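The values are calculated or read from the model by the stated rules, or taken from the named source; none is laboratory data. Bear in mind the structure is a predicted one, so any value in this text is a computation, not a measurement. As a convention, Cβ positions derive from the backbone with ideal geometry for all residues, glycine included, and neighbour counts pool all protein chains shown.
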Amino acid sequence: MNVNQLKSALPILFKARVTPLIVGHRGIGKSTIVKQYAKDNDMDLIDIRLGLMSDSGDLIGLPDFVKEGGNTVATKFAKPSFLPTGGKGILFLDEINRAPKELLQAVFQLVLDRRIGEYELPEGWEVVCAMNPPTEEYTVLDFSDSAFSDRFCQIAFKPSPKDWIEYASKRGINESIISFIQDQNDALSPKLSDFNLEVAPSQRTWELFDGVEKLCNDQNLLQEIALGMIGLEQTSAYFSHLKDFKGRIKGVDVIDNFKDIEDALKKHCEVETLRTDLINVIGNEIVETIEEREGKLGNKQQLNVAKFLGMIPKDLSIKIIRDLWKIRSFIDSGLILGTNDAGKKLVELMS
């Protein structure tokens, strides 16, 4: 994602209760973007460098005695003073893959449950995490634990030179420097190893992605978010499926409105563009719809089914007809037996 995409993604992820994990090289503005977002949205920001913490007690707090009547009755963790108790803001957990492994369990609970022990993150507060990629330039922990990583939307943050030039202009950086970077993009930062996110979907991430999809109206941004939640392979497959799904002919359309979908169906049946997968789905839906209607179709609806069966490849028609034979209440309608107008039409088309 670039800068503008990240700024647009953050409110969607927050609303969908998905924690962003910003992955990017050093010095590219990961923390700056989060700070600027907090400022622009009148939110407080607590910046915690997990790599500077030594163990889980630094985040959970240290145990203290609870006394009643002078007697110790329990222990309770004393909340670290930096954790928020009210208002609204962003808890920014940076250097997550430099944290000690025992500390990650506390981060795990904070990300998943928005709490650590007895402490609960107040409503109005969001969690954002960040880290450097696990490339040769950095000494970082292995972060391949899928049970941990699928709590996040991993964002490969790769701002462009244009993003930096816009930032530099707003910051009042010398025009001579800005002009030089415009001419020499490679001088902006040293060439670093490229990286890919290791993301594998789970039932949890598909459910979380559903919440994001319902909130995001920008398809390009949605694809960027999907890459960080369900991975490259499934993102590619899902958005390819989405194109078919949105304009897909449904079985009920064939039964009730065949004329409206006839031209589109013809394209699926032509040799060059044959889609046996879609035709099979439509056929299954026709059978299911007829079952739901207890085999009761009007003459026009039966004729529509006959036209569909006559248009598609014969081997697929025969499969659907076999399934229709199993619907006892539909057999006497005449279509399958060839005894009414629709049945005679079907015989004519299939011959």
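To keep it simple, each residue is scored yes or no on (1) of a type outside the set (D, E); (2) modelled with pLDDT under 90; (3) more than 22 Å from the chain's Cα centre (by Cα); (4) over 28 Å from F14 (Cα atoms).
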{"position": "V107", "(1), (2), (3), (4)": "yes, yes, no, no"}
{"position": "D113", "(1), (2), (3), (4)": "no, yes, no, no"}
{"position": "Y138", "(1), (2), (3), (4)": "yes, yes, yes, yes"}
{"position": "P159", "(1), (2), (3), (4)": "yes, yes, no, no"}
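Does K39 fit the bill of being closer than 30 Å to R204 by Cβ and modelled with pLDDT of 75 or more?
Details: closer than 30 Å to R204 by Cβ: no; modelled with pLDDT of 75 or more: yes.
In short, no.
The residue that is surrounded by the most Cβ atoms within 10 Å (Cβ to Cβ), among those in region 240-298 that are β-branched (V, I, T) and over 16 Å from I312 (Cα atoms), is I290. Against the list (1) of a type in the set (S, T, Y); (2) farther than 27 Å from I230 by Cβ; (3) in contact with a strand residue (DSSP E or B) (Cβ under 8 Å, 6 or more places away or on another chain), the condition T32 fails is (3).
Within region 200-213, can one find any residue that is among the hydrophobic types (A, V, I, L, M, F, W, C), exposed (fewer than 11 other Cβ atoms within 10 Å of the Cβ) and within 30 Å of F82 (Cα to Cα)? Show your work before the answer.
Within region 200-213, the first condition is being among the hydrophobic types (A, V, I, L, M, F, W, C), and the residues that meet it are 200, 206, 208-209, 212.
Now restrict to residues that are exposed (fewer than 11 other Cβ atoms within 10 Å of the Cβ): none.
No, region 200-213 contains no residue that is among the hydrophobic types (A, V, I, L, M, F, W, C), exposed (fewer than 11 other Cβ atoms within 10 Å of the Cβ) and within 30 Å of F82 (Cα to Cα).
Do we find that I282 is assigned to a helix (DSSP H, G or I), closer than 11 Å to I255 by Cα and touching a helix residue (DSSP H, G or I) at 6+ places or on another chain (Cβ under 6 Å) in this structure? For I282, the condition - assigned to a helix (DSSP H, G or I), closer than 11 Å to I255 by Cα and touching a helix residue (DSSP H, G or I) at 6+ places or on another chain (Cβ under 6 Å) - is met.
Among the residues of region 40-59, is there at least one that is among the β-branched types (V, I, T) and part of a helix (DSSP H, G or I)? So that I can check it myself, show each step before the final result.
Here is the first cut: in region 40-59, the ones among the β-branched types (V, I, T) are 46, 48.
Applying the additional criterion that residues be part of a helix (DSSP H, G or I) yields none.
No, because not a single residue in region 40-59 is among the β-branched types (V, I, T) and part of a helix (DSSP H, G or I).
Run down V347, V305 and say which single residue is more than 24 Å from R248 (Cβ to Cβ), of a type in the set (A, V, I, L, M) and either at pLDDT 90 or above or not in a loop (DSSP other than H, G, I, E, B) (or both).
Numbers: V305 fails: more than 24 Å from R248 (Cβ to Cβ).
On inspection, the qualifying residue turns out to be V347.
The residues on offer are G57, G27, G61, and the sole one that is farther than 30 Å from A78 by Cα and more than 27 Å from the chain's Cα centre (by Cα) is G27.
Picking from T85, T72, which residue would you name as being over 29 Å from D163 (Cβ atoms), at pLDDT below 80 and β-branched (V, I, T)? Give the steps one after another, and end with the answer.
Working: T85 fails: at pLDDT below 80.
T72 is the lone residue from the list that is over 29 Å from D163 (Cβ atoms), at pLDDT below 80 and β-branched (V, I, T).
In region 170-215, how many are out of contact with any Ser or Thr (no Cβ under 9 Å at 6 or more places or on another chain), over 20 Å from V23 (Cβ atoms) and charged (D, E, K, R)? Of the residues in that region, 8 qualify.
One residue is enough: does region 240-258 have a residue meeting the conditions without any contact (Cβ under 8 Å) to a residue 60 or more places away in the chain, touching a Gly at 6+ places or on another chain (Cβ under 8 Å), part of a helix (DSSP H, G or I) and farther than 23 Å from N4 by Cα? Give the derivation first.
So the first thing to find is which residues in region 240-258 are without any contact (Cβ under 8 Å) to a residue 60 or more places away in the chain, and the list is 240-258.
Remaining after also requiring touching a Gly at 6+ places or on another chain (Cβ under 8 Å): 251.
Add one more test, that the residue is part of a helix (DSSP H, G or I), and what stays is 251.
In the following step, the residues that additionally are farther than 23 Å from N4 by Cα were identified as 251.
Within region 240-258 (the criterion being without any contact (Cβ under 8 Å) to a residue 60 or more places away in the chain, touching a Gly at 6+ places or on another chain (Cβ under 8 Å), part of a helix (DSSP H, G or I) and farther than 23 Å from N4 by Cα), the answer is yes, since at least one residue qualifies.
When only residues in region 98-143 that are over 15 Å from T85 (Cβ atoms) and of a type in the set (V, I, T) count, which is surrounded by the fewest Cβ atoms within 10 Å (Cβ to Cβ)? Result: T139. Do the conditions hold for L208, that is, is it in the same structural domain as I12 (by TED's automatic domain parsing), closer than 14 Å to F152 by Cβ and either of a type in the set (G, A, S) or modelled with pLDDT of 90 or more (or both)? Yes.
Name the single residue that is modelled with the highest pLDDT among those in region 324-335 being assigned to a helix (DSSP H, G or I) and buried (at least 16 other Cβ atoms within 10 Å of the Cβ).
The initial filter retains those residues of region 324-335 that are assigned to a helix (DSSP H, G or I), namely 324-325, 328-331.
When the remaining residues are screened for being buried (at least 16 other Cβ atoms within 10 Å of the Cβ), the result is 324, 330.
Numbers: L324: 85, F330: 80.
The residue in question is L324.
Checking every residue in region 188-204 against the condition of being part of a helix (DSSP H, G or I) and hydroxyl-bearing (S, T, Y) gives zero matches.
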